[in-house]
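Worksheet: the structure to be examined is printed underneath.
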Amino acid sequence: MRDGPEQITLRQWDQRYQQLQKAGIDQPSYGGPLSRHIEDGDTRLLKLRYDNSAAALRLWNFLLTEEDRLHEARDRGKKIVGTMKDLGTVPVMAYSLDNVVAFYPDGAWWIPCVMELNAGLLSIADSLGIDESFCPVRAMLGAFVTGAHFPIPELLICSVGATCDDFSAIAQRLNSLGYPMLWWEIPHRRAPEPGEESVKLPGGFSAPRCQVEFVKSELQRVRKALEEFAGQCLSDEKLSAGIKKANQVRRLLAQLRRLVFTAGLCPMPALEMLIAEMLAIHFCSDRDETITVVKELLDEGKKRIKAGTGLLGADAARIFWVNPVADLQVMNLLEDCGGRICGTEYMFTHALDAIPQDLPPMDALARMALADPMVGSSADRASRICAEIRRFDAEAVVISRIPGASHCVLEGQIIGEIVQAEFDVPVLEIEVPSLTDSIAQALRTRLEALVETVRERRKR
Amino acid sequence: MTTLCDQMRRGFDVLIRRCNVPSFLMNVPSTWQNLVAQNLYADELKRLGRFLVRLGGESPTLDSLAEVMLEYEAARQAIRASRAYLSARQYAEAIAALGQEGPSLGGKIENRKSKIEIAPRVPLAIIGGPLMRPDFDIYDVVEQSGGRIVLDATETGERGMCGPFDRRRVREDPLAELANAYFGGIRDASRRPNSELYGWLAHELAARAVRGIIFRRYVWCDTWHAELQQMKESTELPVLDIDVAGDAETERQRWQNRIRAFLETLK
């Protein structure tokens, strides 16, 4: 087995694991061979290809042991809050309390993929009237009903308003099944009108001051609920410390993204980068460990660049990817087809931007919540995508639709039009279900055609 | 347009890219249990007012706003009072006309004094999103099949009419009362939580002795689609799910036949 960067299968990881162990790899408490997760039913892992670094091993083990971590936290007396939909804001508040752990039950949308539908979560959602016309996040309903995938949180906090209809409807269905919910309103972000005070948001969008104030008042309700839940005061000082810590994660991820997306030779594959970015939203239930995991990935990337090594070949087509994929295997597929990820917009860029530390904390958090790319117009979202395409010099864009997701019906077209008008780069819109096996060939053909187009255009 | 669903928000995005007609996207909150949500709604009404003024409209005095509100209130009361005298289609048309033509319609409704003669029919409710004018045929089909819509809980029906105004508050602060009656008085599936809708339905379904529900939804409307199962569970009434996507004749045939079959089972 090679020591240099390589993408390997789960079975190959067993050998690689032995090799690393012999070399004296430092393992965290949740460490171990990746193949053991198959016993939990995560059979999709057998079909993925992984980066072969110790940093990637730690990342995957961290991700795949989250459920255990949540149970352990509860056993240690910590309180568990389920934060829903806002993707990044409320966990910053929750983790500012020392006896609360927050996670997104929304993450259950990947269970049908990871367990290859064997968990039966979608069938449960069907039986509750939430069929395949809804986004795969409907798997969350099944996860609550079975109680087999995460400890049921004592408190659920869900953002609604300018959120996707699927999620709002599914969360309401959950509520109707007897799970109490604290709803908070996130309004549709709009541009300030003449005469209105404008506030700059993290990431570059603007909003009228009155919207920031409104969101702040909503987050105050959330703050009060968290205080009652935790039985302790969530002071400005605690919030500021929480923001500082969250920014530590965000800064590391920003460095990692810049390093990977701009390197001549790709130092870290798309799949690991997707997982790493996801850590920003609720720190995979352990904020300090998230910092360590991302640091290791960053160090590995730097090491590879310094050594002039990497993956995928120097001529890989530089692809900007919009929306997360319901089937993780598609990230591998893009690379098989000759592409590499150079820029992403996985619907939570606001969880990657630094939260202002020079403002009162609630003001800063309100600005962050309003910076969510999904709560504004599609044109806003496209403008941010354009800025990132420019920054990372992407040569093509893939807009990956989520089946059944209400926002995907129209926004892809608008984003595609705006991107093409600005850059004249090819844009491909695909739909990625939880398992792509039956359409893998068609997807491959389309992605190969995109890569070919990029390479042809280089000859111009 | 409003922000009540993703489809409308994204539809607005398309609209402003495709045409130059001045457009306004009104933020309608989903939450309702806190005063701040209603205040946001009231602020949006003011913003809408400023938008209309920019287009050449004139800002009304508080007195003139109150007058218009009371005219509408009278028209709504007249329509509600006439329900027993109108067929379901006429009732729906009266509500639609109020929206399109304004409160001058009220007098026309008041002229009806005798209850319509109807043979014994199965009392039904129709529940769901908005109906377009051509969709009003559904009321006729129900009647021809031996039923009668006694509760029109579509968005364009009775459910979409705002709550009654408090006359004293109309005089004191008309805009606040306007916000209160519309934001606080319309029970919709998009509300979080949606408990108001079910509370209202439970009361109305019982009061009108409804025996079955026609649940009419658009295939792309997740908000209503997700209510279907809860509707069945909470009302414990037979529910006919009709999903529509457009105005194709085949689709019409399908729902006509299904309504006939539904009513046969209820007779």
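The values are calculated or read from the model by the stated rules, or taken from the named source; none is laboratory data. On a predicted model such as this, the values are computed, not experimentally measured, just so you know. When we count neighbours, we look across all protein chains shown, and the Cβ atoms used for this are built from the backbone with ideal geometry, even at glycine.
For A:GLU72, state whether it is surrounded by fewer than 15 Cβ atoms within 10 Å (Cβ to Cβ), of a type in the set (Asp, Glu) and out of contact with any Lys or Arg (no Cβ under 7 Å at 6 or more places or on another chain).
Taking the combined requirement at face value, the residue does not satisfy it.
If you go through the stretch B:1-27, how many residues are part of a loop (DSSP other than H, G, I, E, B) and either over 20 Å from the mean Cα position of the chain (by Cα) or free of Cβ contacts under 8 Å to residues at least 40 places away in the same chain (or both)?
Matching residues across the stretch B:1-27 total 10.
Only one of A:ALA108, A:ALA102, A:ALA73 is part of a strand (DSSP E or B) and out of contact with any Gly (no Cβ under 7 Å at 6 or more places or on another chain); which?
Result of the check over A:ALA108, A:ALA102, A:ALA73: A:ALA102.
Taking A:LYS244 as meeting all but one of (1) within 14 Å of chain B (Cβ to nearest Cβ); (2) surrounded by fewer than 18 Cβ atoms within 10 Å (Cβ to Cβ); (3) among the charged types (D, E, K, R), write down the number of the exception.
Going through (1) within 14 Å of chain B (Cβ to nearest Cβ); (2) surrounded by fewer than 18 Cβ atoms within 10 Å (Cβ to Cβ); (3) among the charged types (D, E, K, R) one by one, A:LYS244 breaks only (1).
Suppose the filter is among the hydrophobic types (A, V, I, L, M, F, W, C) and more than 14 Å from chain A (Cβ to nearest Cβ); does B:ALA92 pass it?
So B:ALA92 passes the test.
Among the residues of the stretch B:12-30, how many are farther than 21 Å from A:ARG209 by Cβ and within 7 Å of chain A (Cβ to nearest Cβ)?
Final tally of qualifying residues: 4.
In this structure, does A:VAL260 turn out to be surrounded by 15 or more Cβ atoms within 10 Å (Cβ to Cβ) and touching a strand residue (DSSP E or B) at 6+ places or on another chain (Cβ under 6 Å)?
Judged against the criteria, A:VAL260 is not a match.
Does any residue of the stretch A:77-88 turn out to be more than 30 Å from A:ALA241 (Cβ to Cβ), surrounded by 20 or more Cβ atoms within 10 Å (Cβ to Cβ) and acidic (Asp, Glu)?
Within the stretch A:77-88 (the criterion being more than 30 Å from A:ALA241 (Cβ to Cβ), surrounded by 20 or more Cβ atoms within 10 Å (Cβ to Cβ) and acidic (Asp, Glu)), the answer is no, since none of the residues qualifies.
Every residue in the stretch A:93-127 that is surrounded by 21 or more Cβ atoms within 10 Å (Cβ to Cβ) and within 14 Å of chain B (Cβ to nearest Cβ), please.
A:ALA125
All but one of (1) closer than 27 Å to A:ILE355 by Cβ; (2) not in a helix (DSSP H, G or I) hold for A:GLU277; which doesn't?
Going through (1) closer than 27 Å to A:ILE355 by Cβ; (2) not in a helix (DSSP H, G or I) one by one, A:GLU277 breaks only (2).
Looking only at the stretch B:214-224, which residues are within 14 Å of chain A (Cβ to nearest Cβ) and of a type in the set (Lys, Arg)?
Across the stretch B:214-224, the qualifying residue is only B:ARG217.
Taking B:LEU228 as the residue in question, decide whether it is aliphatic (A, V, I, L, M) and outside any loop (DSSP other than H, G, I, E, B).
yes
Can you tell me which residues in the stretch B:180-194 are more than 13 Å from every other protein chain (Cβ to nearest Cβ) and either in contact (Cβ under 8 Å) with a residue 60 or more places away in the chain or surrounded by fewer than 18 Cβ atoms within 10 Å (Cβ to Cβ) (or both)?
B:ASN180, B:TYR182, B:GLY184, B:GLY185 - these are the residues of the stretch B:180-194 that are more than 13 Å from every other protein chain (Cβ to nearest Cβ) and either in contact (Cβ under 8 Å) with a residue 60 or more places away in the chain or surrounded by fewer than 18 Cβ atoms within 10 Å (Cβ to Cβ) (or both).
For A:ARG69, state whether it is among the basic types (Lys, Arg) and touching a Pro at 6+ places or on another chain (Cβ under 6 Å).
Spelling it out, it is not the case that A:ARG69 is among the basic types (Lys, Arg) and touching a Pro at 6+ places or on another chain (Cβ under 6 Å).
Can you tell me which of (1) farther than 14 Å from B:ASP152 by Cα; (2) free of Cβ contacts under 8 Å to residues at least 40 places away in the same chain; (3) within 13 Å of chain A (Cβ to nearest Cβ) is the one B:LEU197 doesn't meet?
Unmet for B:LEU197, out of (1) farther than 14 Å from B:ASP152 by Cα; (2) free of Cβ contacts under 8 Å to residues at least 40 places away in the same chain; (3) within 13 Å of chain A (Cβ to nearest Cβ): (1).
What number of residues within the stretch B:232-246 satisfy the criterion of being more than 9 Å from chain A (Cβ to nearest Cβ) and either in a helix (DSSP H, G or I) or more than 27 Å from B:ARG121 (Cβ to Cβ) (or both)?
Of the residues in the stretch B:232-246, 3 are more than 9 Å from chain A (Cβ to nearest Cβ) and either in a helix (DSSP H, G or I) or more than 27 Å from B:ARG121 (Cβ to Cβ) (or both).
Being within 13 Å of chain B (Cβ to nearest Cβ), assigned to a loop (DSSP other than H, G, I, E, B), over 28 Å from A:ARG74 (Cα atoms) and in contact (Cβ under 8 Å) with a residue 60 or more places away in the chain, is that true of even one residue in the stretch A:135-153?
The answer is yes, given that some residue of the stretch A:135-153 is within 13 Å of chain B (Cβ to nearest Cβ), assigned to a loop (DSSP other than H, G, I, E, B), over 28 Å from A:ARG74 (Cα atoms) and in contact (Cβ under 8 Å) with a residue 60 or more places away in the chain.
Please find, among A:LEU226, A:LEU253, A:LEU234, A:LEU219, the residue that is in contact (Cβ under 8 Å) with a residue 12 or more places away in the chain, farther than 14 Å from A:MET368 by Cα and either within 14 Å of chain B (Cβ to nearest Cβ) or not in a helix (DSSP H, G or I) (or both).
Within the list A:LEU226, A:LEU253, A:LEU234, A:LEU219, the selection yields A:LEU234.
Which count do you get for residues in the stretch B:144-170 that are among the basic types (Lys, Arg) and surrounded by 15 or more Cβ atoms within 10 Å (Cβ to Cβ)?
Summing the residues that are among the basic types (Lys, Arg) and surrounded by 15 or more Cβ atoms within 10 Å (Cβ to Cβ) in the stretch B:144-170 gives 3.
As an exercise: evaluate A:SER159 against (1) assigned to a helix (DSSP H, G or I); (2) within 14 Å of chain B (Cβ to nearest Cβ); (3) over 25 Å from B:GLU233 (Cα atoms); (4) not aromatic (Phe, Trp, Tyr) and give the number of the one condition it does not meet.
For A:SER159, the exception is condition (1).
So B:ALA202 passes all but one of these: (1) closer than 25 Å to B:LEU98 by Cβ; (2) surrounded by fewer than 18 Cβ atoms within 10 Å (Cβ to Cβ). Which condition number does it fail?
(1)
Considering only the stretch A:167-187, state which residues are outside any loop (DSSP other than H, G, I, E, B), in contact with a Pro (Cβ under 9 Å, 6 or more places away or on another chain) and facing chain B (nearest Cβ under 7 Å).
Hits for the stretch A:167-187 are A:GLN172, A:ASN175, A:SER176, A:TRP183, A:GLU185.
Out of all the residues in the stretch A:116-126, is one or more at pLDDT 95 or above and assigned to a loop (DSSP other than H, G, I, E, B)?
Among the residues of the stretch A:116-126, not one is at pLDDT 95 or above and assigned to a loop (DSSP other than H, G, I, E, B), which makes the answer no.
Do any helices (runs of 4 or more DSSP H) entirely within the stretch A:377-460 hold 3 or more residues that are of a type outside the set (D, E, K, R), surrounded by fewer than 17 Cβ atoms within 10 Å (Cβ to Cβ) and more than 14 Å from chain B (Cβ to nearest Cβ), and if so, which?
A:440-458
Quickly run through the stretch B:40-64 and pick out the residues that are under 23 Å from the mean Cα position of the chain (by Cα) and among the hydrophobic types (A, V, I, L, M, F, W, C).
Within the stretch B:40-64, B:LEU40, B:ALA42, B:LEU45, B:LEU48 meet the criteria.
Would you check if B:GLU227 is within 9 Å of chain A (Cβ to nearest Cβ), loosely packed, with under 15 Cβ neighbours inside 10 Å and not aliphatic (A, V, I, L, M)?
no
Return yes or no: is B:ARG211 closer than 19 Å to B:LEU151 by Cβ and within 14 Å of chain A (Cβ to nearest Cβ)?
Against the criterion (closer than 19 Å to B:LEU151 by Cβ and within 14 Å of chain A (Cβ to nearest Cβ)), B:ARG211 does not qualify.
I need the full set of residues from the stretch A:15-65 which are surrounded by fewer than 18 Cβ atoms within 10 Å (Cβ to Cβ) and touching a strand residue (DSSP E or B) at 6+ places or on another chain (Cβ under 6 Å), in order please.
Residues satisfying the conditions do not exist here.
Do we find that A:GLU193 is at the interface with chain B (Cβ under 9 Å from one of its Cβ atoms), under 27 Å from B:PHE51 (Cα atoms) and surrounded by fewer than 24 Cβ atoms within 10 Å (Cβ to Cβ) in this structure?
yes
Could you check, for the stretch A:163-180, whether at least one of its residues is closer than 30 Å to A:LYS238 by Cα and surrounded by 24 or more Cβ atoms within 10 Å (Cβ to Cβ)?
yes
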